[in-house]
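First up is the structure itself, then whatever we jot down about it.
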Amino acid sequence: MDAHEFGIGSGVRKDAPSFSAFGNIGTVALLVEPTSDDELVAAAARLENFDLVGRATDTLFPDGRYDAAVLTTGAMTGSDFCGGEVVAAAGERLSALAKKAAVRGLSGLEKLCSIPGSAGGAAAMNAGAFGAEFADLVKWVDALADGKRVRLSPSECGFGYRASIFCKDVIVLSVALKLTRSTPKNVEAEMRRAVAARAASQPSGKSLGSAFKRVDGISAGWYIERAGLKGRRVGGAEISRKHAGFIVNVGGGSASDYVSLMRQAQSEVKDHCGVVLEPEVTILGGDKF
């Protein structure tokens, strides 16, 4: 099985290293990396079953060999600015897109600029930070749905808190965003403030971002800290001492370490606070919450 069987020029690898931002070690039986819309459409039609990921900044791959096919949009990059709008490919890094907007004096992405991951992933998760949400900027999304290319309005995207209709059945191809005119100086200053605020409140190093969703507007980290779990460690994974909503890899952390801490947090927060935490990260493989 090679790239040409999938209708793409390259980017099909067997037993490829997994690339989770948590940094645990594993391989993927089949990794398919299209570089364009046409290649993705061809690859999705060829695959019967697959997991869809972007840049895997919020996706946990299993330890060892993952006996599955993974289709990633991470190699589908590029953006096109026209006036106050930009069309970004699904795999375009959100940070890079924000920088390109800033030098053009276009405002809207500043508060989201330090979120890792891609434009497609930001649409799929309706990424947010400091009161801003990606959905607020969306003009339309080009997607692959039921084997057909469609253009969806924001109201058709099912945007909610860290939610949308986008999954392997409806795949983001590109996103059009509406930005507002400002000046490079003002936009870049706001970006620096957002980056500084994120650095001050969130841990650095390898993690998948927030492990759990907010509960009625309250950070899951607040509940986890209240349950006395800040600094709890299993193997090489630790509930961050800086922000309890994050599970960080402090060295040699495995997927099983990560999942164990998630289960402990869910159980003990429910016992102490009567709150059920819902995962924000995507876990590939057999672990379900």
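Test Glu48 against the criterion of being of a type in the set (Asp, Glu), crowded, with 20+ Cβ neighbours inside 10 Å and outside the structural domain of Leu261 (by TED's automatic domain parsing), and give yes or no.
Taking the combined requirement at face value, the residue does not satisfy it.
Kindly state which strands (runs of 3 or more DSSP E) lie completely within region 200-289 and contain at least 2 residues that are surrounded by 17 or more Cβ atoms within 10 Å (Cβ to Cβ), among the small types (Gly, Ala, Ser) and not assigned by TED's automatic domain parsing to the domain that holds Met125.
207-210
Against the condition out of contact with any His (no Cβ under 8 Å at 6 or more places or on another chain), more than 20 Å from Phe212 (Cβ to Cβ), surrounded by 18 or more Cβ atoms within 10 Å (Cβ to Cβ) and β-branched (Val, Ile, Thr), how does Val103 come out, does it pass?
no
Among Glu268, Glu278, Glu238, which is the only one that is acidic (Asp, Glu), closer than 18 Å to Arg162 by Cα and modelled with pLDDT of 95 or more?
Glu278
Somewhere in region 113-131, is a residue surrounded by fewer than 17 Cβ atoms within 10 Å (Cβ to Cβ) and either in contact with a Leu (Cβ under 9 Å, 6 or more places away or on another chain) or assigned by TED's automatic domain parsing to the domain that holds Phe166 (or both)?
Yes, region 113-131 contains a residue that is surrounded by fewer than 17 Cβ atoms within 10 Å (Cβ to Cβ) and either in contact with a Leu (Cβ under 9 Å, 6 or more places away or on another chain) or assigned by TED's automatic domain parsing to the domain that holds Phe166 (or both).
Restricting the search to region 51-70, which residues are surrounded by fewer than 23 Cβ atoms within 10 Å (Cβ to Cβ) and touching a helix residue (DSSP H, G or I) at 6+ places or on another chain (Cβ under 6 Å)?
Asp63
Would you be able to tell me the number of residues in region 7-41 that are part of a helix (DSSP H, G or I) and either surrounded by 17 or more Cβ atoms within 10 Å (Cβ to Cβ) or touching a helix residue (DSSP H, G or I) at 6+ places or on another chain (Cβ under 6 Å) (or both)?
Going through region 7-41 one residue at a time, the tally reaches 4.
Collect the residues in region 168-203 that are within 28 Å of Ile239 (Cα to Cα) and not aliphatic (A, V, I, L, M), keeping them in residue-number order.
Arg192, Arg193, Arg198, Ser201, Gln202, Pro203
Just to be sure, is Val86 at pLDDT 95 or above, more than 30 Å from Glu190 (Cα to Cα) and of a type outside the set (S, T, N, Q)?
When the stated conditions are applied, Val86 does not pass them.
The values are calculated or read from the model by the stated rules, or taken from the named source; none is laboratory data. In this text the structure is predicted, and so the values were computed from the model without any measurement. Don't worry about glycine lacking a Cβ; one is built from the backbone with ideal geometry, like all the others, and counts go over all protein chains shown.
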